[in-house]
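These notes concern the structure reproduced below.
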Amino acid sequence: MSKCYVCDLEITRVLETDEHIILNACGGRLKSKKLICSKCNSEYGGDTDAELARQLNFFSNFINVKRDRGKSQPVEGELTTTGEKYSLYPGGKPIISKPVFEERIEGEKTKIAIAARNKKEFQKILNGLNKKYPQLDVEKALKYAKLEKKYLKNQLSFESTIGGEKAFRSVCKTAVNFYIYSNGDSKYIKHLIPYLKGTKDLEGYCQVFSVNSHKGFIPQGF
Ligand SMILES: [Zn+2]
């Protein structure tokens with residue numbers, strides 16, 4: 001039976017957990033039940049892995065990385081001209097980040113323009129409006145609503161940050177996972193455990209991590 005490389009307990013059936021060696025969020029499929037016990041797994045690593053996943057989300061989203069579990073989160077970008085916000089879903093297709101609502105009074109009439117992300121959202125907005133304007137014919141509005149696909153009028157800008165202490169700790173965990181998975185001896189990585197747990201910093205081992213911000217653009221008409 002394998003031992004947990006963190007607490008040295010034997011990993012019994014009850015303590016088994018599937019540990020992704022490379023983050024699931026990056027498309028990692030290699031996993032093992034022989035590395036870490038479920039108790040230690042739930043005690044640490046969650047926030048550091050989440051941070052690295054958040055930082056790499058733009059890339060896994062854009063190249064549409066297939067995950068073992070779940071899907072990439074949308075990336076938020078904005079038009080360089082108007083600042084209008086768009087969400088980029090896996091595969092890079094931009095959709096408005098939130099519904100757009102415009103109400104205009106023209107003489108006796110009130111004109112309303114709505115752009116929603118899907119039919120369900122559109123219907124919900126109409127139902128809400130129906131309370132304010134009982135004369136509004138929801139069914140008719142739904143019938144005449146158009147599904148519209150258009151190219152972006154301008155460049156979409158986005159920001160991403162790579163690096164930092166938390167992300168680096170997650171990278172270290174990946175390296176340790178892979179080392180143990182490849183039959184490495186856990187006594188050689190014992191000094192890294194307090195670092196992985198977040199109770200000790202990397203001082204004395206290495207200090208090469210840094211934070212780099214990147215700004216990028218998606219070309220017009222993407
Ligand atoms: Zn353990």
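Structure values in brief
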quantity	calculated
Residue count, the range 42-53 (criterion: within 16 Å of the ligand (Cβ to nearest atom) and not in a loop (DSSP other than H, G, I, E, B))	3
Test: THR81 is of a type in the set (Val, Ile, Thr) and part of a loop (DSSP other than H, G, I, E, B)	yes
Selection status of ASN64, crowded, with 17+ Cβ neighbours inside 10 Å, within 30 Å of GLU165 (Cβ to Cβ) and more than 16 Å from the ligand (Cβ to nearest atom)	no
Selection within the range 67-87 - closer than 20 Å to ALA50 by Cβ and touching a residue at least 24 places away in the same chain (Cβ under 8 Å)	ARG67, ASP68, ARG69, GLY70, SER72, VAL75, GLU76
Helices (runs of 4 or more DSSP H) within the range 103-186 that include 1 or more residues within 26 Å of GLY77 (Cα to Cα) and within 35 Å of the chain's Cα centre (by Cα)	119-132, 165-181
Failed condition for THR161, given (1) out of contact with any strand residue (DSSP E or B) (no Cβ under 8 Å at 6 or more places or on another chain); (2) within 30 Å of ALA53 (Cα to Cα); (3) modelled with pLDDT under 90	(1)
Test: LEU56 is touching a Cys at 6+ places or on another chain (Cβ under 6 Å), more than 16 Å from the ligand (Cβ to nearest atom) and under 19 Å from GLY163 (Cα atoms)	yes
Among the residues listed as LYS146, LYS166, LYS173, LYS131, the single one being of a type outside the set (A, V, I, L, M), free of Cβ contacts under 8 Å to residues at least 24 places away in the same chain and farther than 30 Å from THR80 by Cα	LYS131
Verdict on GLY70 being out of contact with any Gly (no Cβ under 6 Å at 6 or more places or on another chain) and modelled with pLDDT of 85 or more	no
Residue, farthest from the ligand (Cβ to nearest atom), within the range 1-29, restricted to residues that are in a helix (DSSP H, G or I) and surrounded by fewer than 20 Cβ atoms within 10 Å (Cβ to Cβ)	CYS26
Selected residue (criterion: farthest from the chain's Cα centre (by Cα)) from residues of the range 43-67 that are modelled with pLDDT under 85 and closer than 30 Å to VAL14 by Cα	GLU43
Residue within the range 30-41 that is away from the ligand (no atom under 16 Å from the Cβ), over 30 Å from ILE125 (Cα atoms), assigned to a loop (DSSP other than H, G, I, E, B) and in contact (Cβ under 8 Å) with a residue 24 or more places away in the chain present	yes
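Each row is one residue, and each column tells you yes or no for (1) in contact (Cβ under 8 Å) with a residue 60 or more places away in the chain; (2) of a type in the set (Asp, Glu); (3) under 30 Å from GLY28 (Cβ atoms).
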position	(1), (2), (3)
ILE96	no, no, no
LYS119	no, no, no
ASP137	no, yes, no
SER160	yes, no, yes
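The values are calculated or read from the model by the stated rules, or taken from the named source; none is laboratory data. Note that the coordinates shown come from a computational prediction; the quantities given were computed from them, not determined experimentally. Cβ coordinates were reconstructed from backbone atoms using ideal geometry, including for glycine residues, and neighbour counts include every protein chain displayed.
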